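Peer 1: A single structure is presented below for examination.
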Amino acid sequence: MERVIIFDTTLRDGEQAAGGTLNIQEKLEIARQLERLGVDIIEAGFPISTPGDFEAVRLIAKEIRTPIICALARAHPDDIDRAWEAVREAEHPRIHVFLSASDIHLIYQLKKSREQILEASRDMVARAKKYVDDVEFSPMDASRTEPGYIYQIVEAVIDAGATTVNIPDTVGYAIPDEFGRLIDGIFQNVPNIGQAIVSVHCHNDLGLAVANSLEAVKRGARQVECTINGIGERAGNASLEEIVMAVKTRNDFFNLTTNIDARQIYKTSRLVSELTGFTVQPNKAIVGANAFRHESGIHQDGVIKMPITYEIIDPRAVGIPASSLVLGKLSGRHAFKERLAELGYSLSEGDFDRAFSAFKELADKKKGITDRDIESLIAQELRTVSEVYHLDRVQVSCGDRGIPTASVMLSTPDGQVLADAALGTGPVAAVYKAIHRIVGVSNSLIEFSVKSVTEGIDAIGEVLIRIESEGITYTGRGADTDIIVASAKAYMNALNRLLAARKLAE
Ligand code: KIV
Ligand code: ZN
């Protein structure tokens, strides 16, 4: 059976989603999980864009050995040289060169002629080819470009050495049949098309990214660019899990396969959601909380009698845990370790000890500990950024009579202890002001949300915040059974990220 190559761009286009910044360690953690998931290509970043992106691509290229590691570059010599520097240590490196092709972009943005674009595309692919054999080219905004001009560019870049030609629906404007005809046209009108893989990269502005990608696959495209949970610029990219499960579930229709280990899908989705702070909508296909829940009595009856009546996919096939065994106060190290293994975590001895003591602490406050509690606990305990300031204590007084007041105590790695207090319009404002008095980095809070991890009055509260400083957004997360403590942890997490990013930039 023929195979569709899965090109994951969660760490590049996905990270371009407003507010979705990830630090280097988080990118590496996601890349490791993408490798377990079995993606063929990881687009790890856009190295020339920031020093942080360059470092992340370089680290991923060094550490992740099975998939192709791809770096994005504009059709500009400096971009291509920098992309190569970042991926040169990869076992399988790729450079992905892109340049706008539509008249809309040429006239209003680049102010260049079609001839100039054609020449630059050819020259820059040739430049990338001097470094590496595996070169991809994308004529940006292809779906709004005159097809005849796309055929010319595609032919020229294949002549220059491109091994993959990617057709992007950059602004999510295409309609499936029309996009399919563009792909047909490429196969019919580009004489050397047999020397390259045809790829597609669809955005979701009209909610058609997956439909357009699948239409292209039907017409012969053999690489799909997509992201976990469909995150990406604006309305996002085609969702990896939807593409993969459509090809797998409707194998009778597509007669194609992928390299993806579908049992890793749910875990990957949770990880990306956790680290980016983008929650997955409940009705999201494949990975949404309601994707396998049956509410209607008729449906429940059918599923009990025979799941296939209303379930086209077995939830276990995408890695949704079969049991939701609840752990508690009396659960020991062994039970906790087994549950972690079932959830797909394999921790070092030291990390396991930290996680276990956090679990015991939580079990003292909360009756039943579910899988979601464990995921939240792991995220808190093991994914802390290296801290410039650590939150030691936080105390608030609030209510409908007095003025909300907070005192906080922070410590630094060299043992300094710093304390301060502040008043606020509410307890969170008071805590944030008190912390701000100590840390003193100007920033503004642009997003604050709190949600409970599970149901029940003793549930863990998860706080997600985004702060902005000098035009850059930093995400912070905190979890605790006390939501004021969770809010303080989230603020410290965002501030520590901000300070770490500044240190790296210096
Ligand atoms: O959407 C787009 O056109 C892109 C290109 C860089 C492939 O992301
Ligand atoms: Zn894109």
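The values are calculated or read from the model by the stated rules, or taken from the named source; none is laboratory data. Fair warning: this is a prediction, and the values are worked out from it, not measured in the lab. FYI the Cβ positions are ideal-geometry reconstructions off the backbone, even for glycines, and counts take in every protein chain you see. With ligands, DNA and RNA removed, areas are computed over all heavy atoms of the protein, side chains included. Shrake-Rupley method; radii C 1.70, N 1.55, O 1.52, S 1.80 Å.
Peer 1: When the stretch 450-482 is examined, which residues are found to be buried (at least 21 other Cβ atoms within 10 Å of the Cβ) and more than 20 Å from the chain's Cα centre (by Cα)?
Peer 2: ILE460, ALA479, ASP480
Peer 1: Can you tell me which residue in the stretch 60-87 is nearest to ligand 1 (Cβ to nearest atom), limited to those that are open to solvent by 10 Å² or more (accessible area, probe 1.4 Å) and over 19 Å from PHE7 (Cα atoms)?
Peer 2: Filtering first and then ranking leaves ALA75.
Peer 1: Would you confirm whether or not the stretch 364-380 contains a residue that is open to solvent by 50 Å² or more (accessible area, probe 1.4 Å) and free of Cβ contacts under 8 Å to residues at least 12 places away in the same chain?
Peer 2: no
Peer 1: When the stretch 1-26 is examined, which residues are found to be within 16 Å of ligand 1 (Cβ to nearest atom), aliphatic (A, V, I, L, M) and at pLDDT below 95? So that I can check it myself, show each step before the final result.
Peer 2: First pass over the stretch 1-26, keeping only residues within 16 Å of ligand 1 (Cβ to nearest atom): 5-18, 20.
After this cut, where a residue has to be aliphatic (A, V, I, L, M) as well, the list is 5-6, 11, 17-18.
Listed by number, the residues that qualify are ALA17, ALA18.
Peer 1: For the list (1) more than 28 Å from SER113 (Cβ to Cβ); (2) within 16 Å of ligand 1 (Cβ to nearest atom); (3) assigned to a helix (DSSP H, G or I), I need the number of the one condition that ASP177 fails.
Peer 2: If we test ASP177 against (1) more than 28 Å from SER113 (Cβ to Cβ); (2) within 16 Å of ligand 1 (Cβ to nearest atom); (3) assigned to a helix (DSSP H, G or I), just (2) comes out false.
Peer 1: Among the residues of the stretch 136-143, is any within 11 Å of ligand 1 (Cβ to nearest atom), part of a helix (DSSP H, G or I) and not aliphatic (A, V, I, L, M)?
Peer 2: Yes - at least one qualifying residue is present in the stretch 136-143.
Peer 1: Of everything in the stretch 39-57 that's open to solvent by 20 Å² or more (accessible area, probe 1.4 Å) and acidic (Asp, Glu), which residue is nearest to LEU504 (Cα to Cα)?
Peer 2: GLU55
Peer 1: Also, quick follow-up: Hey, among ILE186, ILE193, ILE197, ILE167, which residue is within 30 Å of ALA285 (Cβ to Cβ), surrounded by fewer than 19 Cβ atoms within 10 Å (Cβ to Cβ), in contact (Cβ under 8 Å) with a residue 12 or more places away in the chain and not charged (D, E, K, R)?
Peer 2: Values: ILE186 fails: surrounded by fewer than 19 Cβ atoms within 10 Å (Cβ to Cβ); ILE193 fails: within 30 Å of ALA285 (Cβ to Cβ); ILE167 fails: surrounded by fewer than 19 Cβ atoms within 10 Å (Cβ to Cβ).
From the options ILE186, ILE193, ILE197, ILE167, the qualifying one is ILE197.
Peer 1: Sticking with this one: Can you tell me which residue among GLU35, GLU29 is open to solvent by 40 Å² or more (accessible area, probe 1.4 Å), part of a helix (DSSP H, G or I) and modelled with pLDDT under 95?
Peer 2: GLU29
Peer 1: Run ILE48 past the list (1) of a type outside the set (Asp, Glu); (2) out of contact with any Phe, Trp or Tyr (no Cβ under 8 Å at 6 or more places or on another chain); (3) farther than 20 Å from SER199 by Cα; (4) modelled with pLDDT of 95 or more and report the number of the one that doesn't hold.
Peer 2: (2)
Peer 1: Between residues in the stretch 39-63 that are without any contact (Cβ under 8 Å) to a residue 24 or more places away in the chain and residues that are open to solvent by 10 Å² or more (accessible area, probe 1.4 Å), which pairs lie under 7 Å by C-beta distance while being six or more apart or on different chains?
Peer 2: Sorted first by the residue in the stretch 39-63, then by its partner, the pairs are ASP53/PHE46.
Peer 1: Can you tell which of GLY277, GLY332, GLY288 is touching a Lys or Arg at 6+ places or on another chain (Cβ under 7 Å) and modelled with pLDDT under 95?
Peer 2: Every option except GLY277 fails the conditions.
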